[in-house]
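Comments concern the structure below.
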Amino acid sequence: MSLDADAVKKIAYLARLKIDEADVPGYVNNLSNIIDLVEQMSAVDTEGVLPMSHPMDAVQRLREDKVTETNQREIFQAIAPKTEDGLYLVPQVIE
Amino acid sequence: MSYDSNWEVVIGLEIHCQLATKSKIFSGSSTAYGAEPNTQANAVDLAMPGVLPVFNKEALRLAVKFGLAVDAEIGMRSVFDRKNYFYPDSPKAYQITQMDHPIVGVGHMDIELENGETKRIGITRAHLEEDAGKSMHGAYHGMTGIDLNRAGTPLIEIVSEPDMSSAKEAVAYMRKIHSLVRYIEISDGNMQEGSFRCDANVSVRPKGQKELGTRAELKNINSFRFVEKAINIEIERQIDVIEDGGKVVQETRLYDADKNETRSMRSKEEANDYRYFPDPDLLPVVIDEAYVEAIRKELPELPEQKKQRYIKEFDLSSYDADVITSSRELADYFETVNAKCGDAKLAANWVTGELAARLNKEEIEITDSKVDAEAYAGLLLRIKDNTISGKIAKDVFEAMWQGEGSADEVIESKGLKQITDSSAIEAMVDEVIANNTNQFEELKGGKDKMMGFFVGQVMKASGGKANPGQVNQIMRKRLDA
């Protein structure tokens, strides 16, 4: 399986990446190669092998359910481009 | 319902339920409702560089508790994934959720249908995830205001099988889940505050067709009433589309309660490719049998168990038991009334009858009842000892509801005490007979229907206060004389 130019553009859009039209053929080639490599790996017999969901052979540590954070809104909002009434303001998103 | 029976409706629900933790699922920020905007949004919630999420122990416990309560498989090894999308209410540009290895697997919930039958609704899974923030449109000179206090609040998303075939069934299922999460105290279930809300997947198909129709997803419905209305209006829309020769498009739609219509949210469609992958910031969550069993021991009596107990112990009908156990608070109310008045059937009748009707009419919950369980039991005691009739009791209840005092106070002040003095009733009976001699002859002649007329007249003459049993008795005596 290999990607075409449209698929590459869609992936870029989903990741909100702006790419140069001139670079598209290069991405098509590189990404297709990666997918080919993955396909080679899926030919390997993995019967009885547990899927690896994390590279570390460890389990999640749990946190006590305690409120440990205090209000630091002023510090965080000092670096925000725009705020009002305690809200972060962003370009309008309307559904 | 206006659509005809040539159509079959298929509904599945995704219920988002906020878990009752003090802090967020991956950070130490408070989850308390109603704080000033962004005062409970710290570096982790804001996705500042270099932060690391750490999973909240209590969120895990509550999710497992839910799984056990719906008789589900528990994920002994569950994994967090990233669901990628761009929207300003989610600063990380992904939501941490669970895809392939959820904490709760296949389970089920039984609902009671209108015809009294029980229907089993399959639960596909329930997974842990974080909530997003809140966007406010309109008021900020063409910009959108973002409050991230909610971001990172722990949720379980409970996904049902497409097993419901009407809006009523969907509501019944949602109510059952709502009641359950409050029974087992994993959520406050507060719908106004968004702690409990649902998405409904709705499709229709001609009766007899095997494959499912194309579904539309109705987003973020936060009341039982709206769920029913939104689903019904969507069913009608889809049938109209198909009957007009069109095709239902798979899409997300928003229910507008003011206009009672659903609207397409096309903007989200294009980005509907979430590219899930395991979150490298979080390790697999591994639990063991001992942990699960310890939580199983904490489970209280579940609604279904309570219902069966009421049927067995108090000889209640299945319907009454179902209504009373629909919420833990209502069941507690009933038990208090029963303990004090000592007559389970009387208590059940009056809790599911007069009281439930009143709560319904005023659209309030049992916890906001203007007559508390002790006071209500006081009223039932006066029915039981024949101080008042059931009919008068309704008037007394009304007065109690209006804050005019206890049952005894109302009975006293309004002079509603039932007349049980035989001589007084005899006098009234005789007077009614004297005023209706023709009817009395008819009654004597075998026209039994006339009995009701006479009892009615005597009751009327007494202002409803005569004991109906005694009136009957005295009438019989006069007949035999």
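The values are calculated or read from the model by the stated rules, or taken from the named source; none is laboratory data. Just so it is clear, the model here is predicted, and its values are computed rather than measured. Cβ coordinates were reconstructed from backbone atoms using ideal geometry, including for glycine residues, and neighbour counts include every protein chain displayed.
To keep it simple, each residue is scored yes or no on (1) within 23 Å of the chain's Cα centre (by Cα); (2) at the interface with chain B (Cβ under 8 Å from one of its Cβ atoms); (3) at pLDDT 95 or above.
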site	(1), (2), (3)
A:Met1	yes, no, no
A:Val38	yes, no, no
A:Asp45	no, no, no
A:Val49	no, no, no
A:His54	yes, yes, no
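I'd like to know if region A:72-94 contains one or more residues that are among the basic types (Lys, Arg), modelled with pLDDT under 95 and within 23 Å of B:Ser27 (Cβ to Cβ).
no
With respect to the numbered conditions (1) in a loop (DSSP other than H, G, I, E, B); (2) more than 10 Å from every other protein chain (Cβ to nearest Cβ); (3) surrounded by 16 or more Cβ atoms within 10 Å (Cβ to Cβ), which one is the sole condition not fulfilled by A:Val8?
The number of the failed condition is (1).
Note down all Cβ pairs under 8 Å where the first residue falls in region B:230-252 and is without any contact (Cβ under 8 Å) to a residue 12 or more places away in the chain, the second is surrounded by fewer than 17 Cβ atoms within 10 Å (Cβ to Cβ), and they're at least six residues apart or on different chains.
B:Val241/B:Lys247
Of all strands (runs of 3 or more DSSP E) completely enclosed by region B:212-268, which ones contain at least 1 residues that are among the hydroxyl-bearing types (Ser, Thr, Tyr)?
Result: B:251-256, B:261-264.
Filter region B:269-314 down to residues that are part of a loop (DSSP other than H, G, I, E, B) and under 24 Å from B:Val181 (Cα atoms) and give me whichever is nearest to the other protein chains (Cβ to nearest Cβ).
B:Ile287
I'd like to check something: does region B:18-25 contain any residue that is crowded, with 24+ Cβ neighbours inside 10 Å and at the interface with another protein chain (Cβ under 7 Å from one of its Cβ atoms)?
yes
Would you please name the residue that is nearest to the other protein chains (Cβ to nearest Cβ), looking only at residues in region A:64-95 that are in a helix (DSSP H, G or I) and over 24 Å from the mean Cα position of the chain (by Cα)?
A:Arg73
When the residues of region B:29-66 are narrowed to those that are within 12 Å of another protein chain (Cβ to nearest Cβ) and assigned to a helix (DSSP H, G or I), which ends up nearest to B:Pro102 (Cα to Cα)?
Step by step, filter region B:29-66, then rank; the result is B:Leu60.
Can you tell me which of (1) of a type outside the set (D, E, K, R); (2) modelled with pLDDT of 90 or more; (3) over 23 Å from B:Asp100 (Cα atoms) is the one B:Asn220 doesn't meet?
(2)
Name, by its number, the condition in (1) part of a loop (DSSP other than H, G, I, E, B); (2) touching a residue at least 24 places away in the same chain (Cβ under 8 Å); (3) more than 14 Å from chain A (Cβ to nearest Cβ) that does not hold for B:Asn115.
Among (1) part of a loop (DSSP other than H, G, I, E, B); (2) touching a residue at least 24 places away in the same chain (Cβ under 8 Å); (3) more than 14 Å from chain A (Cβ to nearest Cβ), B:Asn115 violates only (2).
Can you tell me which residues in region B:67-90 are more than 9 Å from every other protein chain (Cβ to nearest Cβ), over 11 Å from B:His127 (Cβ atoms) and either of a type outside the set (Lys, Arg) or part of a loop (DSSP other than H, G, I, E, B) (or both)?
B:Leu68, B:Ala69, B:Val70, B:Asp71, B:Ala72, B:Glu73, B:Ile74, B:Met76, B:Ser90
Conditions (1) in the same structural domain as B:Glu313 (by TED's automatic domain parsing); (2) closer than 26 Å to B:Tyr310 by Cα; (3) out of contact with any Leu (no Cβ under 8 Å at 6 or more places or on another chain); (4) in contact (Cβ under 8 Å) with a residue 60 or more places away in the chain, marked per residue:
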| site | (1), (2), (3), (4) |
| --- | --- |
| B:Ser326 | yes, yes, yes, yes |
| B:Ala331 | yes, yes, yes, no |
| B:Phe334 | yes, yes, yes, no |
| B:Lys340 | yes, yes, no, no |
| B:Glu365 | yes, yes, no, no |
| B:Asp372 | yes, yes, yes, no |
| B:Gly378 | yes, yes, yes, no |
| B:Ile392 | yes, no, no, yes |
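What about A:Ala58, is it at the interface with chain B (Cβ under 7 Å from one of its Cβ atoms), aliphatic (A, V, I, L, M) and exposed (fewer than 11 other Cβ atoms within 10 Å of the Cβ)?
Criteria met by A:Ala58.
List every residue pair whose Cβ atoms lie under 8 Å apart, where the two residues are 6 or more positions apart in sequence or sit on different chains, the first residue falls within region A:67-89 and is over 20 Å from B:Gly152 (Cα atoms), and the second residue, located anywhere, is in a helix (DSSP H, G or I).
Qualifying pairs under 8 Å: A:Thr83/A:Gln77.
Identify all residues within region B:364-392 that are in contact with a Lys or Arg (Cβ under 9 Å, 6 or more places away or on another chain) and in a loop (DSSP other than H, G, I, E, B); write none if there are none.
Those that are in contact with a Lys or Arg (Cβ under 9 Å, 6 or more places away or on another chain) and in a loop (DSSP other than H, G, I, E, B): B:Ile364, B:Ser369, B:Lys370, B:Val371, B:Thr387, B:Ile388, B:Ser389.
Please go through region B:434-481 and give me each residue that is hydrophobic (A, V, I, L, M, F, W, C) and over 26 Å from B:Gly415 (Cα atoms), ordered by number.
B:Ala434, B:Phe440, B:Leu443, B:Met450, B:Met451, B:Leu479, B:Ala481
Taking the criterion of being in contact with a strand residue (DSSP E or B) (Cβ under 7 Å, 6 or more places away or on another chain), of a type in the set (Gly, Ala, Ser), assigned by TED's automatic domain parsing to the domain that holds B:Thr31 and more than 22 Å from B:Asn6 (Cβ to Cβ), would at least one residue in region B:220-237 satisfy it?
Yes: one or more hits.
For region B:141-168, how many residues are buried (at least 21 other Cβ atoms within 10 Å of the Cβ) and assigned to a helix (DSSP H, G or I)?
Residues that pass the stated criteria total 1.
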